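Trainee: This is the structure I want to talk about, given as structure tokens.
The values are calculated or read from the model by the stated rules, or taken from the named source; none is laboratory data. Remember, predicted model here, so these are calculated numbers, not experimental data. Quick reminder, even Gly has a Cβ in these numbers, built from the backbone with ideal geometry, and neighbours come from all protein chains shown. Surface areas here come from the heavy atoms of the whole protein model, side chains and all, with no ligands, DNA or RNA. Shrake-Rupley method; radii C 1.70, N 1.55, O 1.52, S 1.80 Å.
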Amino acid sequence: MNNLAMFKMSYGLYVLSAHTEGKDNGCIINTAMQITDTPKQIIIAVNKQNLTHDMIMQTKMFNLSMLDQRTPFSTFENFGFQSGRTADKFKDIAMKRSENGIAYLTDTTNAYISAKVIATLDVGTHTLFIAEVTEAEVLSDLESVTYTYYQSHIKPAPKKETKKGWRCKICGYVYEGEDLPEDYICPICKHGASDFERIE
Ligand code: FE
């Protein structure tokens, strides 16, 4: 099996946000798609380690902010490479609230949707949430960030590495060691061993 084939699938990139009493939180996801038009239903996959996952499990509601090409790398660091358990991710983020009370990003987002969960499916590391769209607005005409665009235009080029080991292709974290365990999970972005490349 060639794992690189998986990179040929195209994805968008989104900030998935949720709200519980006194707490706003969000994370980056690339797994979101519309599945029916009447009624408008979407599906998202969320890693169970994310606090946002637990908040959606509890409230059954979320927002998706569709990131556009203005999005700086710092937005991915803020929402993707730290946990809402220890950080207030919305502290320095321009946002508004939709009718469901959940935050959405306003400055680097071309649209947002609000959705209400109608079914969940446990798929191991992730939960699939099937949800009905309750609100949707367009915020700009700029193009959305695809995963390919992120890799080629947003993610900084890797620094000349002085360490030896394995580098996460998603966030740049370096695992120092000769052999990368097969079940290794990146401590920063939670991607698995197949997303690491050897640095010589
Ligand atoms: Fe990583």
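Trainee: Within region 20-72, take every residue that is assigned to a strand (DSSP E or B) and more than 16 Å from the chain's Cα centre (by Cα) and give me the one that is surrounded by the most Cβ atoms within 10 Å (Cβ to Cβ).
Mentor: If we filter region 20-72 for residues that are assigned to a strand (DSSP E or B), which is where we start, we get 20, 23-29, 32-36, 41-47, 61-68.
Cutting the leftovers down to more than 16 Å from the chain's Cα centre (by Cα) gives us 20, 23, 34-36, 41, 61.
Working: 20: 14, 23: 12, 34: 11, 35: 10, 36: 12, 41: 16, 61: 20.
Taking the candidates together, the pick is 61.
Trainee: Listed residues 103, 94; which is in contact with a Ser or Thr (Cβ under 8 Å, 6 or more places away or on another chain) and either closer than 12 Å to residue 16 by Cα or crowded, with 22+ Cβ neighbours inside 10 Å (or both)? If you could, list the steps in order and put the result at the bottom.
Mentor: Values: 94 fails: either closer than 12 Å to residue 16 by Cα or crowded, with 22+ Cβ neighbours inside 10 Å (or both).
Selected residue: 103, the only one of 103, 94 that is in contact with a Ser or Thr (Cβ under 8 Å, 6 or more places away or on another chain) and either closer than 12 Å to residue 16 by Cα or crowded, with 22+ Cβ neighbours inside 10 Å (or both).
Trainee: Then there is this: Considering only region 167-183, I want to know if a residue exists there that is touching a Cys at 6+ places or on another chain (Cβ under 6 Å) and modelled with pLDDT of 90 or more.
Mentor: First, pick out the residues of region 167-183 that are touching a Cys at 6+ places or on another chain (Cβ under 6 Å): 168, 170-171, 173.
Those still in the list that are modelled with pLDDT of 90 or more too: 168.
Checking region 167-183: at least one residue is touching a Cys at 6+ places or on another chain (Cβ under 6 Å) and modelled with pLDDT of 90 or more.
Trainee: For region 140-163, enumerate the residues that are at pLDDT 90 or above, among the aliphatic types (A, V, I, L, M) and either open to solvent by 70 Å² or more (accessible area, probe 1.4 Å) or within 16 Å of the ligand (Cβ to nearest atom) (or both).
Mentor: 142, 154
Trainee: Let me ask something else. Of the residues in region 184-196, how many are more than 11 Å from the ligand (Cβ to nearest atom) and loosely packed, with under 12 Cβ neighbours inside 10 Å?
Mentor: 0
Trainee: Would you please list the contacts, defined by Cβ atoms under 7 Å and residues six or more apart or on different chains, that run from a residue in region 146-164 that is over 14 Å from residue 12 (Cβ atoms) to a residue that is part of a helix (DSSP H, G or I)?
Mentor: The qualifying pairs are 155/73; 156/73.
Trainee: Which of the residues spanning region 164-183 are more than 10 Å from the ligand (Cβ to nearest atom), open to solvent by less than 90 Å² (accessible area, probe 1.4 Å) and in contact with a strand residue (DSSP E or B) (Cβ under 7 Å, 6 or more places away or on another chain)?
Mentor: Taking region 164-183 as the starting set, the residues that turn out to be more than 10 Å from the ligand (Cβ to nearest atom) are 164-166, 176-183.
Subsequent filtering for residues that are open to solvent by less than 90 Å² (accessible area, probe 1.4 Å) retains 165-166, 177, 180-181.
Answer for region 164-183, where residues must be more than 10 Å from the ligand (Cβ to nearest atom), open to solvent by less than 90 Å² (accessible area, probe 1.4 Å) and in contact with a strand residue (DSSP E or B) (Cβ under 7 Å, 6 or more places away or on another chain): 165, 166, 177, 180.
Trainee: Which residue pairs have Cβ atoms closer than 9 Å, lie 6 or more positions apart in sequence or on different chains, and pair a first residue in region 169-186 that is under 25 Å from residue 147 (Cβ atoms) with a second residue that is surrounded by 16 or more Cβ atoms within 10 Å (Cβ to Cβ) and of a type in the set (Asp, Glu)?
Mentor: 169/195; 170/195; 186/195
Trainee: Anything in region 103-124 that is under 19 Å from residue 45 (Cα atoms), in contact (Cβ under 8 Å) with a residue 12 or more places away in the chain and in a loop (DSSP other than H, G, I, E, B)? List them, or say none. Don't jump to the end; show me each part of the working.
Mentor: At the first step, the residues of region 103-124 found to be under 19 Å from residue 45 (Cα atoms) are 104, 112-124.
Okay, now just the ones that are also in contact (Cβ under 8 Å) with a residue 12 or more places away in the chain, so 104, 112-118, 120, 123.
Within region 103-124, just 123 meets the criteria.
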